[in-house]
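A short worksheet on the structure shown next.
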Amino acid sequence: MRKQTMKLVFWLAVFAVLSSLISCTHVGENSHAEAMRAYEAYDCVASLPTDPSKVRVKVSLENQMVYVLEQDQPLLVMPVTVGRASTPTPVGNFQIRAKNHYYRASTHGYALKGDLIGECYRKNLPSGWQFRGTPMPYWCEFKTAYGFHTGWMKPFPASAGCLRMHKNVAPKFFRLVSVGTPVQISKSQPEDKTLGLNVPRPPDSTPFPPNPHRMMALTQEFFTQHKVPTYHND
């Protein structure tokens, strides 16, 4: 009887552990799905300028925030993902020098051969394979090989030096700036203490699954995966 009781206690304990694990799995899946929905819904309010020639951009690397201003009036305040320590975002005064909604990277992307697709750097492209650059929608270049563009958002420095924008906000930034718009990038900005306080940020995209290689390399789908942009004064 004692052995049977011990066996019963043992299997009840095992069942409790398994139930706990299953429960945790469901909680994790639900949490993940909720984060994805919140990420997809994320947006920032934007206003159109009265005089586009007076628009300027200020970037705070410490606060990971961009302030698009018409003189001193905010048009758009948006979080960005900045360069990591090993590949920092350049600091200084620049200008928007090129814009391209359908820009693809020239140094990194995908190797293609028949039905085979894999990530690669162009310098390592195997002989006989074709290269297709990584999509970088709403590219706004401020220095050679550096620009603002759509990309997965993270709450910590994670880019190769570019400034990644959330996909729903990128088309707004793209419309607000022009070739020649001044861009000032500093460790911090005075606006961090006013406009940049308590700005909601999108969920961390780190646990999200990557986009399919075939979609990224062979289609234009990634360039239009965003909500229709709206403006406060349009």
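Test residue 30 against the criterion of being in a loop (DSSP other than H, G, I, E, B) and either modelled with pLDDT under 95 or farther than 20 Å from residue 234 by Cβ (or both), and give yes or no.
In short, no.
Going residue by residue through the range 128-143, is there one that turns out to be touching a residue at least 60 places away in the same chain (Cβ under 8 Å), exposed (fewer than 15 other Cβ atoms within 10 Å of the Cβ) and part of a loop (DSSP other than H, G, I, E, B)?
No: the range 128-143 contains no residue that is touching a residue at least 60 places away in the same chain (Cβ under 8 Å), exposed (fewer than 15 other Cβ atoms within 10 Å of the Cβ) and part of a loop (DSSP other than H, G, I, E, B).
Is it the case that some residue within the range 158-179 is more than 20 Å from the chain's Cα centre (by Cα) and surrounded by fewer than 19 Cβ atoms within 10 Å (Cβ to Cβ)?
Yes, the conditions are met somewhere in the range 158-179.
Can you tell me which residue among 46, 35, 111, 98 is touching a Cys at 6+ places or on another chain (Cβ under 8 Å), among the small types (Gly, Ala, Ser), surrounded by 14 or more Cβ atoms within 10 Å (Cβ to Cβ) and touching a residue at least 12 places away in the same chain (Cβ under 8 Å)?
Going through 46, 35, 111, 98 in turn, just one is touching a Cys at 6+ places or on another chain (Cβ under 8 Å), among the small types (Gly, Ala, Ser), surrounded by 14 or more Cβ atoms within 10 Å (Cβ to Cβ) and touching a residue at least 12 places away in the same chain (Cβ under 8 Å): 111.
Any idea which of (1) aromatic (Phe, Trp, Tyr); (2) under 23 Å from residue 207 (Cα atoms); (3) not in a loop (DSSP other than H, G, I, E, B) is the one residue 152 doesn't satisfy?
(3)
If I filter the range 66-75 for residues that are polar (S, T, N, Q), at pLDDT 95 or above and closer than 18 Å to residue 146 by Cβ, do I get at least one hit?
There is no residue in the range 66-75 that is polar (S, T, N, Q), at pLDDT 95 or above and closer than 18 Å to residue 146 by Cβ.
Go through the range 214-234 and count every residue that is more than 19 Å from residue 41 (Cβ to Cβ), buried (at least 17 other Cβ atoms within 10 Å of the Cβ) and either without any contact (Cβ under 8 Å) to a residue 12 or more places away in the chain or out of contact with any Leu (no Cβ under 7 Å at 6 or more places or on another chain) (or both).
2
Could you run through the range 165-202 and say how many residues are in contact with a strand residue (DSSP E or B) (Cβ under 7 Å, 6 or more places away or on another chain) and outside any loop (DSSP other than H, G, I, E, B)?
Final tally of qualifying residues: 13.
The values are calculated or read from the model by the stated rules, or taken from the named source; none is laboratory data. Note that the structure is a prediction, hence the values are computed from the model and not measured. When we count neighbours, we look across all protein chains shown, and the Cβ atoms used for this are built from the backbone with ideal geometry, even at glycine.
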